[in-house]
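The values are calculated or read from the model by the stated rules, or taken from the named source; none is laboratory data. Just so it is clear, the model here is predicted, and its values are computed rather than measured. All Cβ positions, even for glycine, are placed from backbone atoms using ideal geometry, and neighbour counts span all protein chains on display. Only protein heavy atoms, including side chains, enter the accessible area calculation; ligands, DNA and RNA are left aside. Shrake-Rupley method; radii C 1.70, N 1.55, O 1.52, S 1.80 Å.
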Amino acid sequence: MLDEQLSKLLSLGVNIEETLERFVGNEGLYFRCLGKFIDDNNYSLLKEAIGNNDAENAFEAAHALKGVSANLGLSLLYKEVAQITEVFRARSMDYDESNLSKIDEEYKKTIDTLKSLQ
């Protein structure tokens, strides 16, 4: 892994050693999966469900986004999505707007960073 790649991943909260263990040390596989995250639609599904005041689908999208973020080691995004997931798990729409803003910020930062790795 190049120093520039390492630095960018660290800015997303990735614990490289721990995350690569999940990928059996296969950096190529890890980078392919990071590339696929760019096309993952769970963030847009989450935003759509929130716009429709649909707690059920908001939970499904948030839970999926949380899982993918965790598996890829995207800790900063994971941390924010985990909070809102629990609200939607209770089928409530009483989420913290600042949490949603942080998710938006972290998601944009994550996507921009991952695109710069390609």
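Key figures
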read-out	value
Cα pair distances of the range 3-70 binned at 10 Å [whole percent]	19, 42, 26, 13, 1
Cα-derived Rg over Rh, computed across the range 47-87 with Rh taken as Kirkwood radius	0.99
Cross-link pairs beyond the 18 Å C-alpha cut-off, checked among Lys8/Lys115; Lys66/Lys109; Lys79/Lys115	Lys79/Lys115
Dipole moment magnitude, nearest 20 debye, the chain about Cα centre, only Lys, Arg, Asp, Glu C-beta charged	180
Rounded tilt (10° steps) of 42-51 against the dominant C-alpha axis of the chain	20
Apportionment of accessible area to carbon and sulfur, the range 73-118, percent (1.4 Å)	47
Residue (of Ser92, Val68, Leu34) at the positive-pole extreme of the range 34-115, dipole from beta-carbon charges	Leu34
Folded to 0 to 90 degrees: helix 97-117 orientation relative to the chain principal axis, Cα	30
Distance between modelled label sites at Ser44 and Leu117, nm, 7 Å Cα→Cβ extension	2.1
Given [x] 40, 15, 10; [y] 27, 13, 12; [z] 33, 18, 14, the label whose value is semi-axes √(5λ) of the Cα gyration tensor in Å derived from this model	[y]
